[in-house]
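The values are calculated or read from the model by the stated rules, or taken from the named source; none is laboratory data. None of the values given here were measured: they were computed from a predicted structure. Heads up, the Cβs are rebuilt from the backbone with ideal geometry, glycines too, and the neighbour counts pull from every protein chain shown. Heavy atoms of the whole protein, side chains included, go into the accessibility calculation; ligands, DNA and RNA do not. Shrake-Rupley method; radii C 1.70, N 1.55, O 1.52, S 1.80 Å.
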Amino acid sequence: MRYVCGLAFLAAGLLSQSVSRPRIVSGVVVDVGGKAVQSARIEHGGTRVGQLTDADGHFEFETNAPAVVIRKVGFKSHFLRTEGAERVRIVLEPAQPFASCSLKSVPKHTVKIAKDIDYTSTATIIKTQDGQAAIVCGSGPFWSFGMPEDSLVWQSVEYSESVTSDQGDVVDARGIAKDGKYWRYRGVFGKSCAYSKVDRRTAAALDCLMGRAPGR
């Protein structure tokens, strides 16, 4: 519970820096064959409940968020900057899993476990040139909303994501923030693994451990 509350306060603190004036965003979502994609979720628009595309793939909503994500199980998600996004056509491509590891061997690591009344968490820790970095995994009724925090999405200059149904509707998102730091989130409602604020080399090492992390 403390984890979610802490993130909520962080997001609230960054809100005034991240949002802009309200604007109308509209368009249509189709697949690579041009077929309308119904019930694609449009999220990170500044409200906890997102929008859904209709039977013809159309959507329209008002937001002051600088970016939103259009996601649908089985597809790569689409990162959309909202400024000037009027009557846009969005093509969703089939989902492809991220490469599990780009290194020759799995990095040495240690694992720490924490438990509270409403969650269990683990930290898979590696040593880096700048100290330590970790993947934090956890589960519990209030641990994860099944998607990355709005603040991470809004501040990303590069963003990629897929949604697969191998273990529920798993959102696997990663991005690079304005300061050049890398982050990644992989999870469903109530369960996730994530890291943030690391350099490229550290991100590659943590990616090798993401699938092995306890609590995944």
Positive minus negative residues near L92 (Lys, Arg vs Asp, Glu; Cβ under 9 Å)
+1
Determine the relative contact order of segment 146-216: mean sequence separation of Cα pairs under 8 Å and six or more apart, normalised by residue count, in whole percent.
25 percent
So what are the ³J(HN,Hα) numbers for segment 135-145, from phi and the Karplus equation (6.51, -1.76, 1.60; θ = phi - 60°), rounded to whole Hz, Gly and Pro as x?
9, 9, 10, x, 8, x, x, 10, 6, 9, 8
What percent do you get for the relative contact order of the chain when only Cα pairs under 8 Å and 6+ apart count?
18 percent
Would you mind working out the magnitude of the charge dipole of the chain relative to its Cα centre, with +1 at each Lys and Arg C-beta and -1 at each Asp and Glu C-beta, to the nearest 20 Debye?
800 debye
Taking Cα atoms, the helix 2-18 axis meets the longest principal axis of the chain at an angle in degrees (rounded to 10) of 50 degrees
Which one, A65, V170, G33, projects farthest toward the positive side of the charge dipole computed for the chain from Cβ point charges (K/R +1, D/E -1)?
V170
Row for segment 90-212, column shape: gyration tensor on C-alpha, a ≥ b ≥ c, rounded if a/c < 1.5 i.e. under 1.5, prolate if a/b over b/c, else oblate; value rounded
Around T128 (Cβ within 15 Å, Cβ-to-Cβ, excluding T128; K/R +1, D/E -1) the net charge comes to +3
Can you check what the net charge comes to around S102, using other residues whose Cβ is under 14 Å from the Cβ of S102 (Lys, Arg +1; Asp, Glu -1)?
+4
Expressed as an acute angle from 0 to 90° and rounded to the nearest 10, what is the orientation of the C-alpha long axis of helix 200-210 relative to the principal long axis of the chain?
80 degrees
For the chain, what is the mean residue ellipticity at 222 nm derived from helices alone (per DSSP H run of n ≥ 4: -39500 (n - 2.57); sum divided by total residues; nearest 500 deg cm²/dmol)?
-4500 deg cm²/dmol
Just check segment 123-195 against the gyration tensor rule for me: Cα atoms, a ≥ b ≥ c as the square roots of the eigenvalues, rounded for a/c under 1.5, and otherwise prolate or oblate depending on whether a/b exceeds b/c.
oblate
Scalar couplings 3J(HN,Hα) for segment 73-79 by Karplus 6.51 cos²θ - 1.76 cosθ + 1.60 (θ = phi - 60°), nearest whole Hz, x for Gly and Pro, are 4, x, 10, 6, 6, 10, 8
Subtracting the Cα-Cα distance of K127 and D56 from 0.36 nm times their residue separation yields 20.5 nm
Let me know the Kirkwood hydrodynamic radius for the chain, please, with Cα pairs as the basis and the value in Å to one decimal.
18.1 Å
So with the 1.4 Å probe, I'd like the accessible area per residue for the chain, rounded to whole Å².
56 Å²
Inter-part distance where segment 32-103 and segment 118-191 are each reduced to a Cα centre, Å
19 Å
